[in-house]
Amino acid sequence: MVATGGEVASFGGAACQTRPMTRVVDSSEWNALVAHYDEVKDRHLREFFSNDPQRGEDLTATAGDLFLDYSKHRLTGATIGLLADVARRAGVEELRDAMFRGDPINVTEHRSVLHIALRAPRDAEIVVDGVNVVAEVHGVLDRMAAFSERVRSGEWTGHTGKRIDAIVNIGIGGSDLGPRMATTALAAFSDRSMRYRFVSNIDGSDFREATQDLDPETTLFIVASKTFTTLETMTNAGSAREWSLAKLRDDAAVARHFVAVSTNADEVTKFGIDPDNMFGFWDWVGGRYSFDSAIGLSLMLAIGADQFGDMLAGFHAMDEHFRTAPIESNLPMLMGLIGVWYGNCFGAETLAVLPYSQYLAHLPAYLQQLDMESNGKSVTREGEPVGMQTGPIVWGQAGTNGQHAYYQLIHQGTKLIPADFICVARAAQPLGDHQDLLVANLLAQPEALAFGKTREEVIADGVETDQVEARVFAGNHPSSTILMPELTPHTFGQLIALYEHKVFTQGAIWNINSFDQWGVELGKQLAQRIVPELDSDAELTHDSSTNALIRRYRQLRDRRD
Ligand code: G6Q
């Protein structure tokens, strides 16, 4: 059934409750927001701040260890109220509660969405199809902890009895970006006697470069693949087995040097991995939401089970905040709503994520997948055109590097680019005055973006008349600042859950399914038709461009100059 206006639509199967409407854009709450937008769209942040000296204190919110300053956004307290009304009308809270209950809110795959169960405390209970999934989660965590401890202590050795000193995670997409990002983020907490490598690309140079200084006798591969059929991962895993056996020369060595993380026990066994060394997860964990499951085994090997547990507790703390805090002070909801404000009212198309922490260097790439794969959708949960812009293009890199590159376009280009600045107050690696210099840069950027530099200020600097315009900064460029005391497993878990639930909030407002990924599935099939054509003289039946490129590729590949 497709509902319009105030009708009632089912959103997750028979067990689910109902949501008020399918397209919030058709609601009176949305109309009120748009009318308000017309009033505030041309106002400048300079004006907002000079009218209200308290603004920098008031437009803030806290959850656990995370502090959010959203005062440098082109909005007022009234805007937040109107956005919260939109969220209520869209049924964001109801959908959130349905997720926490385990209702099958992934409607196109008929699945629950329960990454929140991955960090639920041991005594919690979430029942899906008669099974308490929290007990299963802790069963796997216990097995991961025991295995990690054996490897870290040196009790688990390679086939020739040597201690493992290199962990190589083979996976792609959700089975790579999360553990890769997290292992870098928490490197200060890792066992430095081992090296951690990640191989994802089917480009053979990825595998070659990751292993060129490793010894098969002391290398442990984790083949991380939910389906265990993904072309890139299975190809890399096959090459890894050959690389290992070329030196170890005994098939039995596979059991000591390969473990698997998957939901597909049959394929894991076929590959030759001992099922005892397989760590499972469930179809209710989406790949991009999975690094706190067994997909994070490489991270647990790096930081140990206790610190992995601290991270899970951080995730859970943010889950509880998201589940219980009122919309107006709910950090993930606020961030989601502010994103809707820019995307759907101002027409902004991107979000820059700018962590001022080298440890968070991979965070933008990770969030790119989390957000763009979740909310890159154009039909509602009922299959209707969504009727408004959905997820943003997410991009960025660790500061201060970007300041010497693309910030120019944010400051003086023609596009509106909302940005998230992420600040870690205490350095994990104190070094002279580096930390204060880092944070001074972080604080200066949102200020300059918001307030700019007027003609008068430029002239007062003594700039020659014909040089003035190029030196004017219009300002009014919005940003959030997220401040955390330090980067620990616990605060890191909070930060990631914050973004997970921000993405959820936006998907709920647009009434799209944030938990399928048919575009990724398409990518997994497309190449299959072309692979055999590259190797043969078979007649090519693609468009003329693709046919010509295939012929040209064959010639270049086979040419021996
Ligand atoms: C994540 C996506 C996608 C997936 C990879 C790897 O949400 O579904 O990035 O994680 O395609 O899939 P496998 O884990 O099945 O190899």
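Please treat every number below as a calculation from the coordinates, not as lab data. Everything numeric in this text was worked out from a predicted model, so none of it was measured. In this analysis, Cβ positions are derived from the backbone assuming ideal geometry, glycine residues included, and neighbour counts consider all displayed protein chains.
Averaged across orientations, what area in nm² does the convex hull of the alpha carbons in region 147-195 project?
The orientation-averaged projected area of the Cα hull of region 147-195 comes to 3.8 nm².
I'd like the Karplus ³J(HN,Hα) series for region 68-81: coefficients 6.51, -1.76, 1.60, θ = phi - 60°, whole numbers in Hz, and an x wherever there's a Gly or Pro.
The phi angles translate into 10, 9, 10, 6, 8, 10, 7, 7, 10, x, 5, 4, 4, x Hz.
Give, in whole angstrom and from largest to smallest, the semi-axes √(5λ) of the equivalent ellipsoid of the chain, with λ running over the eigenvalues of the Cα gyration tensor.
41, 29, 27
What list of ³J(HN,Hα) couplings, whole Hz, do you get for region 203-210 from phi and the Karplus terms 6.51, -1.76, 1.60, once you set θ to phi - 60° and write x for glycine and proline?
The phi angles translate into 4, x, 5, 5, 5, 4, 5, 5 Hz.
For ALA166, which sequence-distant residues (separation of 5 or more, or a different chain) have an amide H within less than 5 Å of its own amide H, given hydrogens modelled in the peptide plane?
The answer is ARG195, LEU220.
Under 5 Å between amide hydrogens, which residues at least 5 positions from ARG111 or on another chain qualify, with H placed 1.01 Å from N in the peptide plane?
When sequence neighbours closer than 5 places are left aside, the close amide H contacts are ASN106.
Can you give the calculated 222 nm mean residue ellipticity of the chain, where each DSSP H run of n ≥ 4 adds -39,500 (n - 2.57) and the sum is split over every residue, rounded to the nearest 500 deg cm²/dmol? Intermediate values should be presented prior to the final figure.
Numbers: 20 runs with 250 residues, N = 561.
It lands at -14000 deg cm²/dmol.
Once you've got the Cα coordinates, tell me which of LYS415/LYS524; LYS377/LYS415; LYS226/LYS502; LYS377/LYS502 are over 26 Å apart. Display every interim value, and only then the final one.
On the way: LYS415/LYS524 34 Å; LYS377/LYS415 23 Å; LYS226/LYS502 24 Å; LYS377/LYS502 16 Å.
Exceeds cut-off: LYS415/LYS524.
Treating only the Cα positions of region 244-370 as identical point scatterers, give the base-10 log of I(q)/I(0) from the Debye formula at each q in 0.11, 0.14, 0.20 Å⁻¹.
Listed by q, the Debye log ratios stand at -0.62, -0.88, -1.31.
Over all alpha-carbon pairs in region 173-325, figure out the percentage whose distance exceeds 19 Å.
Summing the P(r) of region 173-325 above 19 Å gives 56 percent of all pairs.
In sequence order, what are the phi-derived ³J(HN,Hα) couplings for region 268-285 according to the Karplus relation 6.51 cos²θ - 1.76 cosθ + 1.60 with θ = phi - 60°, rounded to whole Hz, with x for glycine and proline?
Those phi angles translate into 4, 5, 4, 5, x, 8, 4, x, 5, 9, 10, 10, x, 9, 9, 5, 8, 10 Hz.
If we sort 47-53, 236-242, 287-293, 255-261 on the protection proxy, mean other Cβ atoms within 10 Å, highest first, what's the order?
287-293, 255-261, 236-242, 47-53
Check LEU351: other-chain or 5+ apart residues with amide H under 5 Å from its amide H, H built from backbone geometry?
ILE393, VAL394, TRP395
Take the Cα radius of gyration of region 122-252 and divide it by 2.2 N^0.38 Å, with N its residue count; two decimals is plenty. Don't skip to the end; give the middle numbers.
Values: Rg = 16.5 Å, N = 131, 2.2 N^0.38 = 14.0 Å.
Against the empirical 2.2 N^0.38 Å value, I get 1.17 for region 122-252.
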